[in-house]
Amino acid sequence: MKKPVIGFSKLDKSQKIDWLIENYFSSNNDVKKIIKEYFNKNKKLQNLHDEFAENTISNFYLPFSVAPNFLIDDKLFTIPMVTEESSVVAAASKAAKFWLERGGFKTIVLSTEKVGQVHFFYKKDYKKLKEYFKKIKSKLLSDISFITKNMKKRGGGIKDIKLINLTDKLENYFQILATFETKDAMGANFINSCLEQFSKTFKENYDDPSDVEIIMSILSNYVPNCLVKAEVSCKINELKDESIKDPKKFAKNFIRAVKIAHIDKYRAVTHNKGIMNGIDSVIIATGNDFRAIESAAHAYASNNGTYKSLTKASIKNNIFKFSIEIPLSLGTIGGLTKLHPLANLSLKLLGEPSSKELMKITAVAGLAQNFAAIKSLITTGIQHGHMKMHLINILNLLNASDREKLKAIDYFKSNNVNYNSVNTFINRLRDV
């Protein structure tokens with residue numbers, strides 16, 4: 001019978017593992033063996049990993065891959081990607097190679113503004129509140145000078161603060177809406193520190209502080225004004241390779257596929273998930289917050305009230321163009337970007353980019369992934385390439401030997417891959 005535990009966080013790692021085994025597992029040796037397999041033999045590095053989160057008992061590894069041949073604004077990159085999905089890196093690499101021969105990717109950062117909010121309730125006269133905000137605004141800004149000092153040295157800081165009246169949506173509800181520039185830092189801690197000081201100054205200096213009820217002070221991960229755009233383009237007749245036999249038909253169907261993702265949310269969700277396959281893998285590799293990026297991207301995909309594709313495709317004057325516009329609030333300093341050894345390595349691989357440069361690279365990874373997915377869908381079909389990549393996973397599940405893997409890889413070059421067909425093939429080999 002499972003037992004609750006008091007003070008679990010105060011137990012050492014061995015005690016935590018023993019408690020888990022006693023309450024949740026039947027085989028002590030197997031559990032300990034699996035957990036120990038993922039320990040890092042470098043004690044200093046393991047201690048660092050343990051302190052990234054609470055109650056750590058081991059490490060959870062994901063493949064660290066690279067995708068070469070990305071020509072971005074006439075500069076060649078090899079992009080680090082952390083993902084467990086077998087076809088993502090292969091697809092991105094193929095898209096990179098395809099566009100390498102057609103001028104590469106072009107990018108532009110449209111804006112870098114970030115947002116924070118002080119949420120509060122106020123029941124008295126709105127006119128009085130407006131007058132108070134006008135008077136207190138300069139003090140609100142001066143009271144955070146000790147927080148913004150270093151950020152200002154880097155060219156960032158607070159851009160503006162506004163009083164927002166939302167009483168039409170929720171009774172007595174107001175906001176102080178603040179906008180920020182955080183340069184190469186993602187800036188979450190900086191923004192939250194500023195907001196908490198705003199709330200303190202705002203409440204304490206009101207005639208009757210009890211009239212102002214602060215609910216919370218927190219940044220928003222929705223950053224519609226922290227935008228980057230990436231695109232590729234070429235003449236229609238240049239859209240040709242081993243899987244594209246008719247460039248005009250390909251371009252026409254490609255645009256249709258993107259339009260479907262603009263009008264049908266069922267398709268749009270999967271379409272955008274494919275984009276995030278590429279983006280998330282770079283976010284994780286560089287130690288950034290993929291949950292925040294996911295939330296912002298999907299909110300942006302719904303910014304007109306309908307969930308739609310984050311990419312667009314068009315033909316004009318015989319030129320095929322494919323592009324993405326997406327909010328990406330990224331950092332290259334702070335957090336795990338330098339602290340995690342592989343995140344730090346990723347940034348070095350990318351040439352120590354600024355946050356704007358990382359925005360561009362990450363947007364390109366998403367665009368490349370989406371191009372590769374749509375290209376497969378409208379030519380060979382998505383399963384053709386995906387299941388070929390998944391073949392090794394199936395073979396590993398079946399405990400195939402090196403000899404069996406080689407024979408299977410050769411056989412499935414010209415045969416459809418699925419679990420049953422691979423299982424049948426391996427059993428036949430073993431029966432011989």
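Read-outs throughout are calculated quantities, based only on the coordinates presented, and are distinct from any laboratory measurement. Just so we're clear, the structure is a prediction, and the values are computed from it rather than from any experiment. Reconstructed Cβ throughout: ideal geometry from the backbone, glycine too, with neighbour counts over all protein chains shown.
General remarks:
- Sorting the segments 313-324, 107-118, 124-135, 199-210 by their mean number of nearby beta carbons within 10 angstrom, highest to lowest, gives 107-118, 313-324, 199-210, 124-135.
- Cα-centre dipole for segment 386-431 with unit charges at Cβ (Lys and Arg positive, Asp and Glu negative), debye to 20: 60
- Fully extended contour minus Cα-Cα distance, from Lys316 to Asp30, at 0.36 nm per residue: 96.8 nm
- Here the Debye sum runs over all C-alpha atoms of segment 49-114 as equal scatterers in vacuum, and log10 of I(q)/I(0) at q = 0.14, 0.17, 0.27 Å⁻¹ comes out as -0.62, -0.76, -1.09.
- Dividing the summed helix terms, -39500 (n - 2.57) for each DSSP H run of n ≥ 4, by the number of residues in the chain produces a 222 nm estimate of -15500 deg cm²/dmol to the nearest 500.
- Around the amide H of Thr83, modelled in the peptide plane, lie the amide H atoms of Ser65, all under 5 Å away and 5 or more residues distant in sequence or on another chain.
- Between 0 and 90°, nearest 10: helix 265-285 axis offset from the chain longest Cα axis: 80
- Rg over Rh for the chain works out to 1.04, both radii taken from alpha-carbon positions and Rh defined as the Kirkwood radius.
- Looking at the chain, the DSSP beta bridges with both ends there are about 95 percent antiparallel.
- Remark: relative contact order (segment 309-359) = 29 percent; criterion is Cα-Cα distance under 8 angstrom and separation of 6 or more residues.
- Taking a straight line from the alpha carbon of Lys106, these aspartates and glutamates sit under 19 Å away, with near neighbours fewer than eight places off in the same chain left out: Asp73, Asp74, Glu231, Glu238, Glu325, Glu357.
- Axis angle, to the nearest 10 degrees, between helix 88-100 and the longest C-alpha principal axis of the chain: 90 degrees.
- In Hz, Karplus ³J(HN,Hα) per residue of segment 77-82 (6.51, -1.76, 1.60; θ = phi - 60°; x = Gly, Pro): 10, 10, 9, x, 9, 10
- Environment charge of Gly335, counting only residues whose C-beta is closer than 12 Å and scoring Lys/Arg +1, Asp/Glu -1: -1
- For the residues Asn416, Asn42, Asn69, a GNM of the chain with alpha-carbon springs under 10 Å puts the largest fluctuation on Asn42.
- Calculated log₁₀ intensity ratio I(q)/I(0) where the Debye formula runs over C-alpha points of segment 386-431, q = 0.16, 0.17, 0.23, 0.29 Å⁻¹: -0.32, -0.37, -0.70, -1.19
- Cα pair distances of segment 173-269 binned at 5 Å [whole percent]: 2, 9, 13, 12, 10, 8, 8, 8, 8, 7, 6, 4, 3, 2, 1
- Of all the options Leu349, Leu328, Leu71, the one that moves most in a Gaussian network model of the chain with Cα springs shorter than 10 angstrom is Leu349.
- When only alpha carbons are used to place a centre, segment 314-333 and segment 26-48 end up 43 Å from one another.
- Mean Cα-pair separation over length for segment 260-413, i.e. relative contact order, pairs under 8 Å, 6 or more apart, %: 25
- Set Lys3/Lys32; Lys152/Lys200; Lys97/Lys356; Lys75/Lys405; Lys135/Lys159 screened for pairs whose C-alpha atoms are more than 28 Å apart: Lys75/Lys405
- ³J(HN,Hα), Karplus 6.51/-1.76/1.60, whole Hz, each residue of segment 319-332, x for Gly, Pro: 10, 8, 10, 9, 9, 9, 10, 8, x, 9, 9, 10, x, 10
- Angstrom value of the Kirkwood radius, inverse mean 1/r, which spans all Cα pairs in segment 114-220: 14.0
- When you filter the trypsin sites (Lys or Arg not before Pro) in segment 263-297 for DSSP loop state and at most 14 other Cβ atoms inside 10 Å of their Cβ, nothing is left.
- Between Glu101 and Lys130, the simple label model (points 7 Å from Cα in the Cβ direction) yields a spacing of 6.4 nm.
- The mean sequence separation of alpha-carbon pairs under 8 Å and at least six residues apart, normalised by the residue count of the chain, gives a relative contact order of 17 percent.
- Listed residue pairs exceeding 19 Å between alpha carbons, taken from Lys183/Lys308; Lys248/Lys321; Lys240/Lys375: Lys183/Lys308
- The length gained by stretching the chain between Lys407 and Glu325 to full extension, at 0.36 nm per residue less their Cα-Cα distance, is 25.1 nm.
- For the pair segment 219-275 and segment 58-81, the centres of their Cα atoms are 21 angstrom apart.
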